[in-house]
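Worksheet for the structure shown next.
Derivation of every value follows stated rules applied to the coordinates shown; laboratory data play no part. Since the model is a prediction, treat every value here as computed from it, not as a measurement. Neighbour counts run over all protein chains shown; Cβ positions are idealised from the backbone, glycine included.
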Amino acid sequence: MDPVRSSPGSVLFTTYNVLDLGADDSAGGAEHYATVAESVRALRTDVLAVQEVCAPGLPAARALLRQFADDTGLRCLVPGPGGEAVPALCPGSRGYHLGLLWRDGIEPVPGSFHSRNTGFWHALGWVTLDIGGPRSGTGVTTQLRLAGK
């Protein structure tokens, strides 16, 4: 099932809480990962914000986001100010990370990826994306915990 587009040139932004993606090394964890990746591929989204990417440490979380991008046919690397590419991973203060991904043909503006986790339950992140033509878009992801919830 293809998502409904408002116009042929529209850009589909999607958010997905991937619920502990990467937290479980068991067969059940692998099945969860495969189901999430298959769901993302079926969405055929242009820009995807994910929440609850779990890994033991930031290097592993960055590697997991890169693998997830490869497995879903999306991209997640943003050129930094010095030219080095970094995954658009927003480190969470409690081990639950956020990520931004996009399809081929959409280009991240070099040096535009930023993230914060101070004052957030998980994190906040954003990147400016060149979607082609006269407009650009900014992808933002966050996960908030409401007081008393």
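For this structure, a couple of remarks:
- More than 26 Å apart - percent of Cα-Cα pairs taken over the chain: 23
- Annotation: extensible slack from TRP121 through GLU31 equals 29.7 nm (criterion: 0.36 nm per residue apart, minus Cα-Cα distance).
- Global form of the range 1-46, assessed from the alpha-carbon gyration tensor, a/c cut-off 1.5: prolate
- Look at the dipole of the range 13-142 built from charges on Cβ: of ALA85, ALA61, TRP126, the Cα furthest out on the positive end belongs to TRP126.
- With neighbours defined as other Cβ atoms within 10 Å of a residue's Cβ, the residues TRP102, TRP126, TRP121 order from fewest to most as TRP121, TRP126, TRP102.
- Per-residue HN-Hα couplings for the range 45-58 [Karplus 6.51, -1.76, 1.60; θ = phi - 60°; Hz; x = Gly/Pro]: 7, 8, 9, 10, 10, 10, 10, 6, 7, 10, 7, x, x, 5
- Amide H contacts under 5 Å for LEU21, placed H, 5+ residues apart: CYS54
- Value at 222 nm in deg cm²/dmol, rounded to 500, when DSSP H runs of n ≥ 4 in the chain each add -39,500 (n - 2.57): -7000 deg cm²/dmol
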